[in-house]
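The values are calculated or read from the model by the stated rules, or taken from the named source; none is laboratory data. What you see is a predicted model, and the numbers here were worked out from it, not measured in a lab. Neighbour counts run over all protein chains shown; Cβ positions are idealised from the backbone, glycine included. To get the accessible areas, we keep the full protein, side chains included, count just its heavy atoms, and leave off ligands, DNA and RNA. Shrake-Rupley method; radii C 1.70, N 1.55, O 1.52, S 1.80 Å.
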Amino acid sequence: MASLQILHRSVLEQIHQACLLAKRMPEEVRLLAVSKTHPSAALREMYDAGQRAFGENYLQEALAKIDELKDLNIEWHFIGHVQRNKTKLLAEKFTWVHGVDRLIIAERLSNQRESSQEPLNICLQVNIDAQDSKDGCQPKEVALLVREISQLPHLKLRGLMVIPAPNNVHAFMDAHELFEKVKTEHLHPEDWDTLSMGMSGDMLEAIQAGSTMVRVGTALFGARDYSK
Ligand SMILES: *Cc1c(COP(=O)(O)O)cnc(C)c1O
């Protein structure tokens, strides 16, 4: 099937155009392919199209794919809600975890990451637009969490992750402002380089506001079927 390859090229082209519009360098924005609900065969095809970073939301599903695709050099990102009792597998199997929103979770991930592995890349999830059904720490908690989490030995705190309500451009701008502001709290400010925001429906606005990593599912793989 050539179709996933075409979708991949088209999304990369959209990112490129959005960067030009925003007067940013195209290499400043990474594409994370969000592959939840899609079978390993689809990820393999996307990999053959050149994609290396894949994001999964559900741990059991992700672990099965990590095993099925272990012959590939995939960078696995966990973008779902992090439960306290799941941190060990996350620390072992993933390269990035985006949904960290409490110190205790970060401490567990750091303790459970093997010293023989590279530090685990972390984004701090912020509830940037005060949604009540949402995960993420409050914006006012971010500075202290950055100070604390950036000291943990087996983590590399890379930046912030937000999931605002669709097309909330203001929330993207708020996230960017916060991202710039709290950098000074980081023990290793040179590690602070990632603002994970923007999905299929709003990646252009997110890039305009300063996103460095868009998490794209539907535009790459087509609609998800949750009935299977
Ligand atoms: C599912 C998901 C995405 C991808 O959403 P699309 O609209 O399909 O691009 C991005 N981020 C998170 C956290 C998700 O759960």
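Overview of values
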{"item": "Solvent-accessible surface (1.4 angstrom probe) belonging to ILE6, in square angstrom, nearest 10", "result": "110"}
{"item": "Vicinal HN-Hα couplings computed from phi for the stretch 53-60 (Karplus, 6.51 cos²θ - 1.76 cosθ + 1.60; Hz; Gly/Pro x)", "result": "9, 10, x, 10, 9, 10, 4, 4"}
{"item": "Amide hydrogen neighbours beyond the local backbone of ILE128, cut-off 5 Å, H modeled", "result": "ILE163"}
{"item": "Whole-number D in µm² s⁻¹ for the stretch 4-221, Kirkwood Cα-pair radius fed into Stokes-Einstein, 4 °C, 1.567 mPa s", "result": "75"}
{"item": "Percentage, to the nearest whole number, of Cα pairs in the stretch 122-228 over 17 Å apart", "result": "53"}
{"item": "Potential extension, LYS86-GLU190 segment - 0.36 nm per residue separation minus Cα distance", "result": "34.5 nm"}
{"item": "Segment HIS170-ASN111, length gained on full extension (0.36 nm per residue, minus Cα span)", "result": "17.6 nm"}
{"item": "When each of LYS36/LYS93; LYS65/LYS183; LYS93/LYS181; LYS23/LYS183; LYS65/LYS181 is checked by Cα-Cα distance, pairs over 26 Å", "result": "LYS65/LYS183; LYS93/LYS181; LYS65/LYS181"}
{"item": "Förster radius 30 Å - calculated FRET efficiency between LEU103 and GLU75 (Cβ-Cβ, nearest 0.05)", "result": "0.75"}
{"item": "Pairwise label distance in nanometres, GLN60 with ARG147, each label 7 Å out on the Cα-Cβ vector", "result": "4.2"}
